[in-house]
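Have a look at the structure below, then the notes.
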Amino acid sequence: MNLLKQNIMETTQINLEEHFQNKIDSEIRIEPKDWMPDAYRKTLIRQISQHAHSEIVGMLPEANWITRAPTLNRKKILLAKVQDEAGHGLYLYCAAETLGVTRDETINDLHSGKAKYSSIFNYPTLTWADMGAIGWLVDGAAILNQVPLCRASYGPYARAMVRICKEESFHQRQGYELMMKLAQGSPEQKAMAQDAFNRWWWPTLMMFGPKDAESGNTELSMKWRIKRFTNDELRQRFVDVSIPQAEYLGLTIPDPDLKFNEETGHYEFGEIDWDEFWKVVKGNGACNKERVETRKKAFDDGAWVREAATAYHEKRKLREEDNRKTV
């Protein structure tokens, strides 16, 4: 009987997995109450929470310049952008919660170092031109990576990405416009733009993740259509799009090995410093410790707000119960 029961369970599992994959292959969205393999759920929790952490931690390099923006208009733009990033993090934490993980669990994973966030945010913002470089390059890379996520197989994730991508497009445009102003400005301003470009170009290429051959998550993510393109495909697309933009600005690409291949129609670029990439991913970048400590402090400092909101919720619930009894 035990063997028969085991065989029935195994057959049921296989049927469920086949039905699940058929839905994926037919471009039918997976919703929170649908059956899904544990590995699919874990992959989504990892990716969505990491994405949420990246939005929240990504506020820090730019918030550093809000009080030092050169004009009121630039300050308003930067404030709006940082506010958008906070909203993106909220949407994504909510999407992760539909998979059965709590907000506290995801945030604790960030604070403990168990969860990662995008490597790009562990670099310092040294000049005002970095605000332009981040908007143009980093948000431009994010758009290339995130637009396909609007067609991700998991419904809540895909729907959250629609609004996020619209706002990221604004971020990219304002960044490029800022770089254009600097590139067309005084010699000192153009030099500042070139310096920012030099420092952010290679970290942005690393932002797409490890080479496909070294990415342990790509194969299943592609099979389940969480991802639509590999890391290397997105990286190549970013280079092909960004080089003409840099040339229009009159900036020099910081890559002596860069060349255009007439046969493939793509730019060939130099070798990425993968030692630096893995160093940053493992928590040893210029700003890793500072970023996590800042987030932990913000979380601790905000404890009274969460406690007050919880107390208000409980008080309101008691009042509603009393009103129902009175009626």
Classify the stretch 74-122 as rounded, prolate or oblate from the Cα gyration tensor: take a ≥ b ≥ c as the square roots of its eigenvalues, call it rounded if a/c is under 1.5, otherwise prolate when a/b beats b/c and oblate if not. oblate
Please report the base-10 log of the normalised intensity I(q)/I(0) for the stretch 283-326, using a Debye sum with one equal scatterer per alpha carbon and no solvent, at each q in 0.17, 0.34 (1/Å). -0.62, -1.02
Taking the 0 to 90 degree range and rounding to the nearest ten, how far is the long axis of helix 231-249 tilted relative to the main principal axis of the chain, both from C-alpha atoms? 30
Beyond 28 Å, what share of the Cα-Cα pairs of the stretch 188-327 is found? Please give it as a whole percent. 49
With a bin width of 10 angstrom, please list the P(r) values of the stretch 1-130 as percents of all Cα-Cα pairs, from the 0 bin to the one holding the largest distance. 11, 29, 24, 19, 10, 5, 2, 0
Show the residues, 5+ positions off or on another chain, whose built amide H is closer than 5 Å to the amide H of Y154. I30
When the chain is fully extended, how far beyond the present Cα-Cα distance does I28 get from M222, taking 0.36 nm per residue of separation? 68.3 nm
If one compares the long axis through the Cα atoms of helix 155-183 with the longest principal axis of the Cα atoms of the chain, the angle in degrees, nearest 10, works out at 10
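Local charge sum around S153 (other residues, Cβ-Cβ under 11 Å, Lys/Arg +1, Asp/Glu -1)? Walk me through the numbers on the way to the answer.
Numbers: positive: K23, R29, R151, K223, R225, K227, R228; negative: D25, E27, E31, D34.
Net of charged neighbours comes to +3.
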Mean 1/r over distinct Cα pairs of the chain, inverted to a Kirkwood Rh in Å, yields 22.0
In the chain, if the dipole is taken from +1 on Lys/Arg beta carbons and -1 on Asp/Glu beta carbons about the Cα centre, which of W304, A52, M222 is farthest to the positive end? W304
Let's test this: bin the Cα-Cα distances of the stretch 127-220 at 10 Å from zero up to the farthest pair and state each bin's percent. 16, 36, 29, 14, 4, 0
So what is the calculated 222 nm ellipticity per residue for the chain, using -39500 (n - 2.57) for each DSSP H run with n of 4 or more, over all residues, to the nearest 500 deg cm²/dmol? -22000 deg cm²/dmol
Count of lysine pairs, the stretch 248-309, Cα-Cα under 24 Å, sep. 8 or more residues or interchain, comes to 5
Here the net charge surrounding I48, from other residues whose Cβ is less than 14 Å away from its Cβ (Lys, Arg +1; Asp, Glu -1), is +3
Under unit Cβ charges (Lys, Arg +1; Asp, Glu -1), what dipole magnitude, rounded to 20 debye, does the stretch 62-198 have relative to its Cα centre? 320
Choice from A303, A152, A286 showing the highest fluctuation, given a GNM over the chain with Cα pairs closer than 10 Å: A303
Sort 259-270, 174-185, 96-107 for me by packing, meaning the mean count of neighbouring Cβ atoms within 10 Å per residue, highest on top. 174-185, 96-107, 259-270
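What part of the accessible area of the chain, given as a whole %, is carbon or sulfur when the probe is 1.4 angstrom?
On the way: 9760 of 17760 Å².
That fraction is 55 percent.
What is the sum of charges around S215, taking Lys and Arg as +1, Asp and Glu as -1, for the other residues whose C-beta is under 12 Å from the C-beta of S215?
Working: positive: K211, K227, R235; negative: D212, E214, E219, D232, E233.
Local net charge: -2.
The values are calculated or read from the model by the stated rules, or taken from the named source; none is laboratory data. Please read all numbers here as calculations on a predicted model, not as lab measurements. All Cβ positions, glycine included, derive from the backbone under ideal geometry; neighbour counts span all protein chains shown. In case anyone asks, the SASA skips ligands and DNA or RNA and just uses the protein heavy atoms, side chains included. Shrake-Rupley method; radii C 1.70, N 1.55, O 1.52, S 1.80 Å.
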